[in-house]
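Here is the structure we will look at.
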Amino acid sequence: MVNNITNFSRSGLSDWVLQRVSAVILAVYSVFMVGYLLLHPNLDYTTWSGLFENTAMRVFSLMAFIAIAAHAWIGLWTVATDYMKPTALRLGFQIFVILALFIFLVWGVQVLWGA
Amino acid sequence: MSTMRSLTFDAIIIGGGGAGLRAGLELSQSGKKTAVLSKVFPTRSHTVSAQGGITCAIGSADPNDDWRWHMYDTVKGGDYIADQDAAEYMCTEGPKAVFELEHMGLPFSRFDNGRIYQRPFGGQSKDFGKGGQAARTCAAADRTGHALLHTLYQANLKNGTVFLDEWYAIDLVKNANDDVVGVIALCIETGETVIVKSKATVLATGGAGRIYASTTNALINTGDGIGMALRAGLPVQDMEMWQFHPTGIHGAGVLVTEGCRGEGGYLVNKDGERFMERYAPNAKDLAGRDVVARSMVLEILEGRGCGENGDHVFLKLDHLGEEVLNKRLPGISELSKTFAHVDPTNAPIPVVPTCHYMMGGIATNVHGQAIAQDDSGNDHIVNGLYAVGEVACVSVHGANRLGGNSLLDLVVFGRAAGKYIESALNEGIEYLEPTQADIDTALVRLNRWNESDSGESVPELKRELQQIMQNSFGVFRQEDKMEEGVQQLSELRERIAKAGLSDKSQVFNTARIEALELDNLMEVAEATAIAALARKESRGAHSRYDFPDRDDVNWLKHSMFFPRDKRVGKRDVNFAPKTVERFEPKIRTY
Amino acid sequence: MLQVSIYRYNPETDSAPYMQEFQVDTQGRDLMVLNVMEMLKEQDSSLAYRRSCREGVCGSDGMNMNGKNGLTCVTALSEVVKDNKLVLRPLPGLPVVRDLVVDMSLFYKQYERIQPYLLNDTPAPAIERLQSPEDRDKLDGLYECILCACCSTACPSFWWNPDKFVGPSGLLQAYRFLADSRDTATEERLSELDDPFSVFRCRGIMNCVAVCPKGLNPTRAIGKIRELLLANAT
């Protein structure tokens, strides 16, 4: 057993499952978005914001944002542990990524439920 | 040299093949501080190349199988100079040793009832030769040696054996009483020379097939243990007995298992005739290896060999069908494609008898204790020295080993030596410490090479040695050729004594190792040559044109080669098994 | 004449590794790469490499030949030589001891870590433990590993984390024991593997499968371990 404290769940298996589940969510979200855009070639702001007035769409989007955050964290954590050998650099990078993802997530919530 | 580091163990085992690892395991399990010293990482040892299986009456293929039948086959196969107490020990202890291997995890192939798969091998019979062919060789496909060696290595890891991987043993260290008290060894990676002290030094260095130009043996099989014993002044037994395996791939020397014939393959000459029917009407292709090898050479000499030069015969397997080949002989198909460019599912494999196994070696009792003889021919134990496996001559193989008996020999006697050493250590042993002079004696040849500045090159001398052995001490032998060979070897010895080592570096210097190995090849070759010349009869693997018959009056004996005066003496064969009637020598037919 | 370019480094005399050029007259024969190296060693006895069985079963002579890992003793020149040129380098990703000899300690450490031996806590019977041919078949393609390290040293994940990622060879052996019907330590074995490095650094690159000289498939075994972990933890 290799010890680690900065990965998402401390378990390789749950990281692995989470990455796959989040990938599926993102794939579905992407397909939905592409389909929606194709079906609305002359999309205007009213229609677009109308879509996000719908609570189901907000929940779906939030789910996608969380999936992005989890997916990105697991992936970038892996990249950091592969390629960044100096501890200070690796830890610094990981903290930066966590903060960035947190900010993006909060920002996303604000956009979805904000005014 | 006074600064030389010293390591101390309860037991030091030199060689990490099947026998060494089995001995190491037994000792580690008993809590003794045990080290296995090997010139290669243990799983690179030559045991890994064993294919067909381990012969043992475990009663799987035939519930009525009997260890006595196995013993009879072994004694007969050895042309009656196998020691019957040792053969008895091996055949009775065998099942325990095999079941232990299985419990350790060895992935044996299986019958439908879940028991270990057994296949027929050469020289096997039921009911003391009267009940037809037996199937007694326990197999893991055709990779039994690989499976066995890895399993034993794993078991040693589990039990905390100390491994000195890629260390090379140079010479034995003896004290003033001629007890063996350790060994000088070289760490190949750093070049450091160390004395390893121990109350039990176990030689498990394997064979020396590399004395021949054409051999199934690994490049590392250079007879290091025999060389060390001879330089320490100890005699070696039955060194003229070299097994030529019938089926080495023509040109490459790579082995294809006797299991091929056990599974139903057979040999054909250029006329497509299954010629073994003429030489061994009953056992046919599953006669003793010496018998089959001689028959093949006769076919070739009489002009019925295959190929452009008529210098080999064919092993036919295609009639077995793809399923049997894939399931039971997958490794053979691989080797055949790589080295003979032949797919055995549709074409026969070109094969030729190839040097395979050294029946002789350091004489030991069933506990692995090395035995020497005094001037009047009385046996005595060499304190502190043990030998197991191919380097030893217990002797269970006599003048010709049966297929599948070598793996059994390794595990039975590796285990036996381990058990004996454990009890000896528990009872307490004290030997004199070696003096600086004793240590210096063991460093002589290393220093010789290290101080040599010019001289002939090692590879060239090695090639000449191998050619001499191939030409004069092959399947068939005769006085004049052998005398010539002995003469050539003695000249070669002088040249080797003056040969040079140009690379004196310390880190992973393989040139130095090859030079040290050449010394050992020389020792083995000379012992073989002189013993072969001395044995004036034909027995087992030792076949002479000038003495074509077995001579039980004069030579129902072991030969003993004494290195100090290069003399060959005789030693009695044991005819006193403990629990069965002795097997009297009979005419050997298959 | 075959052009052979060999990685040379002797720590006692060289400050840095370099490539040395040799010419070898193969007389048109399709030799094994090991045969060529033996010819070179006669020209220059200081050339260091490992070898033992010379028939592809001992696993000593793993090496990088024209960019691909393999065993020199079973690789014919015709399989690797391009434009009459052969480039020999040590197995990538492990420290070089000398010339073509690498320090395999990390590789062996990972092997030892997976407890490469049968664990069975039931009393052993007087004979062998029975195993059906079907159960035994599950070990085919697993037990044949020769520990040559061709796979692990071709694996980028092992290059980056050789101290943490078990690597394809070790994982193949881990599964060999998980798959053995006689082994009773499945849970214990799995619990040792469920961290983000040991198994999960495998990215399915499959270099291991491409180079294995015994034709084994570590990626598939790793997939099976993941399935077991999943089945065990959900």
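Determine, yes or no, whether B:LYS174 is among the basic types (Lys, Arg) and more than 14 Å from every other protein chain (Cβ to nearest Cβ).
Criteria met by B:LYS174.
How many residues does region B:52-73 hold that are within 16 Å of the chain's Cα centre (by Cα) and at pLDDT 95 or above?
Number of matching residues: 3.
Among the residues of region B:454-490, count how many are more than 14 Å from every other protein chain (Cβ to nearest Cβ) and touching a residue at least 12 places away in the same chain (Cβ under 8 Å).
Count: 22.
Kindly indicate whether any position in region B:63-70 is out of contact with any helix residue (DSSP H, G or I) (no Cβ under 6 Å at 6 or more places or on another chain) and assigned to a helix (DSSP H, G or I).
For region B:63-70, residues out of contact with any helix residue (DSSP H, G or I) (no Cβ under 6 Å at 6 or more places or on another chain) and assigned to a helix (DSSP H, G or I): present.
Out of everything in region C:37-46 that is surrounded by fewer than 23 Cβ atoms within 10 Å (Cβ to Cβ) and among the hydrophobic types (A, V, I, L, M, F, W, C), what residue ends up being nearest to the other protein chains (Cβ to nearest Cβ)?
Restricting to residues being surrounded by fewer than 23 Cβ atoms within 10 Å (Cβ to Cβ) and among the hydrophobic types (A, V, I, L, M, F, W, C), the top hit is C:MET39.
Within region C:4-11, does at least one residue satisfy the condition of being closer than 19 Å to B:PHE508 by Cα, within 11 Å of chain B (Cβ to nearest Cβ) and either surrounded by 15 or more Cβ atoms within 10 Å (Cβ to Cβ) or without any contact (Cβ under 8 Å) to a residue 40 or more places away in the chain (or both)?
yes
Residue check: is B:VAL524 under 24 Å from the mean Cα position of the chain (by Cα), among the β-branched types (Val, Ile, Thr) and not in a loop (DSSP other than H, G, I, E, B)?
So B:VAL524 passes the test.
Tell me, yes or no, whether region C:191-198 has at least one residue that is part of a helix (DSSP H, G or I) and in contact with a strand residue (DSSP E or B) (Cβ under 8 Å, 6 or more places away or on another chain).
Within region C:191-198, none of the residues are part of a helix (DSSP H, G or I) and in contact with a strand residue (DSSP E or B) (Cβ under 8 Å, 6 or more places away or on another chain).
Does A:VAL31 fit the bill of being of a type outside the set (Phe, Trp, Tyr), within 14 Å of chain C (Cβ to nearest Cβ) and farther than 18 Å from A:TRP73 by Cβ?
For A:VAL31, the condition - of a type outside the set (Phe, Trp, Tyr), within 14 Å of chain C (Cβ to nearest Cβ) and farther than 18 Å from A:TRP73 by Cβ - is not met.
Only one of B:LEU152, B:LEU186, B:LEU172 is closer than 15 Å to B:LEU516 by Cα and crowded, with 24+ Cβ neighbours inside 10 Å; which?
B:LEU172
Just checking: which of the helices (runs of 4 or more DSSP H) contained wholly in region A:20-115 hold 3 or more residues that are within 25 Å of A:ASN4 (Cβ to Cβ) and at pLDDT 95 or above?
A:55-83, A:87-113
Residue-wise test of (1) among the β-branched types (Val, Ile, Thr); (2) on the phi > 0 side of the Ramachandran plot; (3) part of a loop (DSSP other than H, G, I, E, B).
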site	(1), (2), (3)
B:VAL382	yes, no, no
B:VAL396	yes, no, yes
B:LEU407	no, no, no
B:LEU410	no, no, no
B:ARG415	no, no, no
B:TYR431	no, no, yes
B:ASP440	no, no, no
B:ARG448	no, no, no
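Which members of region C:199-234 meet the condition of being touching a residue at least 40 places away in the same chain (Cβ under 8 Å) and part of a loop (DSSP other than H, G, I, E, B)?
Selection gives C:ARG201, C:CYS202, C:ARG203, C:ILE205, C:CYS212, C:PRO213, C:LYS214, C:LEU216, C:ASN217.
Out of all the residues in region B:415-432, is one or more more than 30 Å from B:GLU93 (Cα to Cα) and crowded, with 19+ Cβ neighbours inside 10 Å?
no
Is it fair to say C:PRO162 is in contact with a helix residue (DSSP H, G or I) (Cβ under 7 Å, 6 or more places away or on another chain), assigned to a loop (DSSP other than H, G, I, E, B) and away from chain B (no Cβ under 13 Å)?
Here the answer is yes, as C:PRO162 does meet what is asked.
Hey, can you tell me all the residues within region C:190-234 that are surrounded by fewer than 21 Cβ atoms within 10 Å (Cβ to Cβ), farther than 21 Å from C:PRO116 by Cβ and within 14 Å of another protein chain (Cβ to nearest Cβ)?
Passing the criteria: C:ARG203, C:GLY204, C:ILE205, C:LEU230, C:ALA231, C:ALA233, C:THR234.
Which of the residues spanning region C:120-176 are of a type in the set (Asp, Glu), touching a residue at least 60 places away in the same chain (Cβ under 8 Å) and more than 18 Å from B:LEU106 (Cβ to Cβ)?
C:ASP121, the sole residue that qualifies.
If you take the residues of region C:106-126 that are surrounded by fewer than 16 Cβ atoms within 10 Å (Cβ to Cβ) and among the hydrophobic types (A, V, I, L, M, F, W, C), which of them is farthest from C:GLN20 (Cα to Cα)?
C:ALA126
Among B:VAL391, B:VAL396, which is the only one that is in contact with a helix residue (DSSP H, G or I) (Cβ under 8 Å, 6 or more places away or on another chain), crowded, with 24+ Cβ neighbours inside 10 Å and over 16 Å from B:THR74 (Cβ atoms)?
Within the list B:VAL391, B:VAL396, the selection yields B:VAL391.
Looking only at region C:50-107, filter to residues that are closer than 16 Å to B:SER45 by Cα and among the hydroxyl-bearing types (Ser, Thr, Tyr); which one of those is farthest from the chain's Cα centre (by Cα)?
Filtering first and then ranking leaves C:SER52.
Can you name every residue in region B:96-132 that is within 14 Å of chain C (Cβ to nearest Cβ) and among the hydrophobic types (A, V, I, L, M, F, W, C)?
Hits for region B:96-132 are B:ALA97, B:VAL98, B:PHE99, B:LEU101, B:MET104, B:LEU106, B:PHE108, B:PHE111, B:ILE116.
Does B:LEU7 satisfy being of a type in the set (A, V, I, L, M), touching a strand residue (DSSP E or B) at 6+ places or on another chain (Cβ under 8 Å) and surrounded by fewer than 24 Cβ atoms within 10 Å (Cβ to Cβ)?
yes
Determine, yes or no, whether B:ALA35 is in contact (Cβ under 8 Å) with a residue 24 or more places away in the chain, closer than 30 Å to C:SER105 by Cα, within 17 Å of the chain's Cα centre (by Cα) and more than 14 Å from chain C (Cβ to nearest Cβ).
Considered against the rule, which asks whether it is in contact (Cβ under 8 Å) with a residue 24 or more places away in the chain, closer than 30 Å to C:SER105 by Cα, within 17 Å of the chain's Cα centre (by Cα) and more than 14 Å from chain C (Cβ to nearest Cβ), B:ALA35 comes out as no.
In region C:106-154, what count of residues is obtained for those that are in a helix (DSSP H, G or I) and at positive phi?
So the count comes out to 0.
Of C:LEU71, C:LEU77, which residue is touching an Asp or Glu at 6+ places or on another chain (Cβ under 7 Å) and within 11 Å of chain B (Cβ to nearest Cβ)?
After ruling out the rest, the residue left standing is C:LEU71.
Does at least one position in region B:241-251 carry a residue that is farther than 30 Å from C:ASN10 by Cβ, in a loop (DSSP other than H, G, I, E, B), modelled with pLDDT of 95 or more and not small (Gly, Ala, Ser)?
yes
Note down all Cβ pairs under 6 Å where the first residue falls in region A:94-105 and is more than 8 Å from A:ALA69 (Cβ to Cβ), the second is part of a helix (DSSP H, G or I) and among the aromatic types (Phe, Trp, Tyr), and they're at least six residues apart or on different chains.
none
Can you name the residue in region C:87-105 that is outside any strand (DSSP E or B) and surrounded by fewer than 19 Cβ atoms within 10 Å (Cβ to Cβ) and, of all such residues, is farthest from the other protein chains (Cβ to nearest Cβ)?
C:PRO92
The values are calculated or read from the model by the stated rules, or taken from the named source; none is laboratory data. Note that the coordinates shown come from a computational prediction; the quantities given were computed from them, not determined experimentally. Don't worry about glycine lacking a Cβ; one is built from the backbone with ideal geometry, like all the others, and counts go over all protein chains shown.
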